[in-house]
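Structure first, then comments.
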Amino acid sequence: MNDHPSVSNPSRRALLQTTGLGLLGAVLSGTSASSAAETPRAPAAKSGATARPANALVPLNRFGRMVQEYYVGRLREAERTADARRAKIRTKADAENYVREVRGKIQSIFGPWPEKTPLHARSTGVVERDTYRIEKVIFESRPGFPVTANLYLPKGRPTPAPGVVGSCGHSANGKAADAYQSFAQGLARQGYVVLIFDPIGQGERMQYVTPDLKPRMGTGVREHLHAGNQQFLVGEFFGAWRAWDGIRALDYLLTRPEVDPRQVGITGNSGGGTMTTWLCGVESRWTMAAPSCFVTTFRRNLENELPADTEQCPPRALALGLDHADFIAALAPKPVILIDQENDYFDVRGLEESLERLRPIYRLLGAEQNVEIFIGPDYHGYSKPAREAMYRKFNGVTKISSAAAEPAIVIERDETLWCTPQGQVASEKSRTVFGFTRESSLAWRQRRGEVGGAALTKALAETLKLPRREGSPEYRILRPGNSRGYPKRYAGTYAVETEPNSFALVYRLDDQPLMSRLPRGPRRALLYVAHLSADAELREEPLLAELMHAEPDSAVFACDVRGVGESMPSTTATAAWEPYGPDYFYAIHGLMLDYPYVGQKTHDVLRVIDWLKSGGHSEVHLVGRGWGAFPATFAAVLAAEVKQVTLKHALTSYSEVAESEDYHWPLSTLVPGVLRAFDLPDCYRALAAKRLRQIEPWNATAGAG
């Protein structure tokens, strides 16, 4: 969690602005503020916002809290179910079964792991200091994928000694950040062997660099989101990649004769606290752990509107009933201290709730004293008091030192700790996360071939996780506003309940007032699925006028699926379409619920079609534009009532996104694992039978295809 990237690509800005996002953004986005930064918060650029003329229409946003409250309801339900499961833990055997159960669930998310290939570890230099030395180490966590690390080795101490792997938070300079040098030095001065490594996208491991090795997309969050969102298409999880680096770091640490394999710990702060927590869940060799400034609950983060990186949101975790505490439970009954700060943006209430969930398990396993929390007085960060709490916990386990205070620390210059000559592995032509994603996409495309017929409809239902539909949905009749300049004089507005407390907003255009229930007929309906706002696009999109002129006898409808237009969220204190904003926020929670956001939107369209059918519209011409083209495409394949399809600015293929280093489609439009099952061209071929018309398709960078 750190600064969040802003929209900078000109073609993407054009895509956002062409349907009134400038108008919507000016009203709804406000000033973006960084949520969850390891550095002071700062405003982010508005996405396509423009000044609104005095006589301009105020954007319609009558359901602006709908998506947030829908997710809050889902997470509270998941939490109640998980709490009920934990309430049944009454014996030691129950606790042991629970630990095995969560380990299996976690493994199903993070695995299967790749083969443990040779580390090809090498030392590129040594820094000699008074009571320790620092070896500059590079090892490969995957073939051709180097990890830069510093190994702190105590001098004049008996060996083998306890070892600790240090996991960094979102520091641009990775392992060289002051707080992370501090705990590595502090532990080494007390006799520990410490290996601290650069995370992907930080320090010496930037994945997207300019020819002069400068970050091309920013550092930390920016790279994590860009690489991680893309990985979902091929069924990968960036958090598993990050955890694998930690596993291989432990593998390397245990090759060192100076390390006692019976005493190995893991610690880290913020994003490093995340990886410490995940590594407790996936690696059984740790004998102690100290995650700092991360552990809370998923519900607290959601309710507090706090975004998190791709790797901090494990897919299916919520659907499986997992929470942060369960990753710690997977290590039980080994000693763990959960560290936080009273003034952290990670909710301390969630930390305390996590402890209360863990205590009964540890108690039943005969080790209640092994789990504890420390809450410091500071703001987010691995402060000296927090580090000293970690030292006390680890020293209590290893007995290597009785020191209560941190030894004197001397912060090194970044360049002193570099493992590579120019401070970037890219200078050595190393492989990148994107390179692996591209190769995976190419392999899945060859293996998959063309998909059609029943196999395609099955693949759609399974990858989108579509719920069952029965009958006609309930709907509300909203009061019409003043004239909004639509192509017809009146617009009846209906809130179609597609799921409990979740609505698609549908406008029906007519020359007569519409303030009562859905009028019946005619047989044919034209249904437009908006890109960003049906309200704005009814005025601004020329395609609608063209289609209405071509079909004068069709009933005309325009639809906002959840999360756009009338239900565009204004949460997270961030512009709606920023890569770290609410659109991403709900998309990533959808993946944790095993219900992809684009699947939810597709369900909305299908339920609107069910609703239209109840009004006598048995034949539908389905039209989708931009981001609305995704649910329109999928619904058109699945719904027999759809007889004709028109798509404007639809993505050419998911493969192109997965195989392009630069892409600008948001997570809310991407389907996890889709390229293992089908691709958009399969849908387009299937829709040829429904008279598909494609207008100006867009490529991976949201430019003309």
- Task: Pick out, from the stretch 193-306, the helices (runs of 4 or more DSSP H) lying fully within it that include 3 or more residues that are touching an Asp or Glu at 6+ places or on another chain (Cβ under 9 Å), charged (D, E, K, R) and within 30 Å of residue 595 (Cα to Cα).
- Result: 298-303
- In the stretch 656-684, how many residues are of a type in the set (Ser, Thr, Tyr) and either surrounded by 24 or more Cβ atoms within 10 Å (Cβ to Cβ) or under 16 Å from residue 217 (Cβ atoms) (or both)? 3
- Query: Looking at this structure, is residue 350 in a helix (DSSP H, G or I), assigned by TED's automatic domain parsing to the domain that holds residue 168 and not polar (S, T, N, Q)?
  - Reply: yes
- Message: Between 655, 614, which is farther than 22 Å from residue 229 by Cβ and out of contact with any strand residue (DSSP E or B) (no Cβ under 7 Å at 6 or more places or on another chain)?
- Response: 614
- Message: Name the single residue that is farthest from residue 337 (Cα to Cα) among those in the stretch 354-375 being part of a helix (DSSP H, G or I) and in contact with a Pro (Cβ under 6 Å, 6 or more places away or on another chain).
- Response: 362
- Mind checking which residues of the stretch 477-507 are part of a strand (DSSP E or B) and of a type in the set (Ser, Thr, Tyr)? 490, 493, 494, 498, 502, 507
- Item | Scan of the stretch 446-467 for residues that are of a type in the set (Lys, Arg) and within 24 Å of residue 602 (Cα to Cα), ordered by number | 448, 458, 465
- Query: How about the stretch 266-310: which of its residues are within 26 Å of residue 395 (Cβ to Cβ) and basic (Lys, Arg)?
  - Reply: 285
- Examine the stretch 560-568 for a residue that is out of contact with any helix residue (DSSP H, G or I) (no Cβ under 8 Å at 6 or more places or on another chain), not hydroxyl-bearing (Ser, Thr, Tyr) and not in a strand (DSSP E or B), and state whether such a residue exists. no
- Looking across the stretch 310-339 at residues that are of a type in the set (D, E, K, R) and within 24 Å of residue 592 (Cα to Cα), the single one that is surrounded by the fewest Cβ atoms within 10 Å (Cβ to Cβ) is 316
- Task: Please go through the stretch 423-463 and pick out each residue that is in a loop (DSSP other than H, G, I, E, B) and either under 30 Å from residue 124 (Cα atoms) or aromatic (Phe, Trp, Tyr) (or both).
- Result: 423, 424, 429, 430, 431, 432
- Message: Can you tell me which residue is farthest from residue 601 (Cα to Cα) among those in the stretch 540-561 that are out of contact with any Leu (no Cβ under 6 Å at 6 or more places or on another chain) and among the acidic types (Asp, Glu)?
- Response: 553
- Considering only residues that are among the hydrophobic types (A, V, I, L, M, F, W, C) and under 18 Å from residue 593 (Cβ atoms), look in the stretch 455-484 and name the one that is surrounded by the most Cβ atoms within 10 Å (Cβ to Cβ). 464
- Top-ranked residue in the stretch 125-167 [being more than 28 Å from the chain's Cα centre (by Cα) and among the hydroxyl-bearing types (Ser, Thr, Tyr); ranked as surrounded by the most Cβ atoms within 10 Å (Cβ to Cβ)]: 152
- Task: Quick one: residue 498 ticks every box in (1) at pLDDT 95 or above; (2) loosely packed, with under 15 Cβ neighbours inside 10 Å; (3) hydroxyl-bearing (Ser, Thr, Tyr) except a single one, so which number is it?
- Result: (2)
- Message: For the stretch 461-497, which positions are among the charged types (D, E, K, R) and farther than 23 Å from residue 516 by Cβ?
- Response: 462, 465, 468, 469, 470
- Query: What are the residues in the stretch 97-114 that are touching a strand residue (DSSP E or B) at 6+ places or on another chain (Cβ under 8 Å) and closer than 15 Å to residue 278 by Cα, if any?
  - Reply: none
- Note on the structure: Flagged pairs (Cβ under 9 angstrom, 6 or more apart or on separate chains; first in the stretch 272-283, in the same structural domain as residue 309 (by TED's automatic domain parsing) and at pLDDT 95 or above; second in a helix (DSSP H, G or I) and acidic (Asp, Glu)) are 274/311; 275/245; 275/311; 278/311; 281/326
- Query: Picking from 245, 251, 260, which residue would you name as being surrounded by fewer than 22 Cβ atoms within 10 Å (Cβ to Cβ), within 25 Å of residue 206 (Cα to Cα), assigned by TED's automatic domain parsing to the domain that holds residue 198 and more than 18 Å from the chain's Cα centre (by Cα)?
  - Reply: 251
- Task: Would you be able to say whether some residue in the stretch 508-522 is more than 29 Å from residue 222 (Cα to Cα), outside any loop (DSSP other than H, G, I, E, B), out of contact with any Gly (no Cβ under 8 Å at 6 or more places or on another chain) and outside the structural domain of residue 312 (by TED's automatic domain parsing)?
- Result: yes
- Query: Any idea which of (1) at pLDDT 95 or above; (2) under 31 Å from the mean Cα position of the chain (by Cα); (3) surrounded by 15 or more Cβ atoms within 10 Å (Cβ to Cβ) is the one residue 59 doesn't satisfy?
  - Reply: (1)
- Query: Any idea how many residues of the stretch 289-307 are crowded, with 24+ Cβ neighbours inside 10 Å and among the aliphatic types (A, V, I, L, M)?
  - Reply: 3
- What number of residues in the stretch 335-347 are over 23 Å from residue 265 (Cα atoms) and either in a helix (DSSP H, G or I) or of a type in the set (Asp, Glu) (or both)? 3
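Here is a yes/no grid of residues against (1) under 27 Å from residue 580 (Cα atoms); (2) modelled with pLDDT under 95; (3) of a type in the set (A, V, I, L, M):
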| residue | (1), (2), (3) |
| --- | --- |
| 253 | no, no, yes |
| 256 | no, no, no |
| 261 | no, no, no |
| 268 | yes, no, no |
| 288 | no, no, yes |
| 314 | yes, no, no |
| 319 | yes, no, yes |
| 333 | no, no, no |
- Query: Which members of the stretch 686-699 meet the condition of being farther than 16 Å from residue 656 by Cβ and in contact (Cβ under 8 Å) with a residue 40 or more places away in the chain?
  - Reply: 686, 687, 690, 691, 692, 693, 695
- Query: assigned to a helix (DSSP H, G or I) and hydrophobic (A, V, I, L, M, F, W, C) - does that describe any residue in the stretch 162-171?
  - Reply: no
- Item | Filtered residue count, the stretch 397-427, keeping only those that are exposed (fewer than 15 other Cβ atoms within 10 Å of the Cβ) and under 13 Å from residue 335 (Cβ atoms) | 1
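The values are calculated or read from the model by the stated rules, or taken from the named source; none is laboratory data. None of these values were measured; they are calculated from a predicted model. Glycine also receives a Cβ, built like all others from the backbone with ideal geometry; neighbour counts cover every protein chain displayed.
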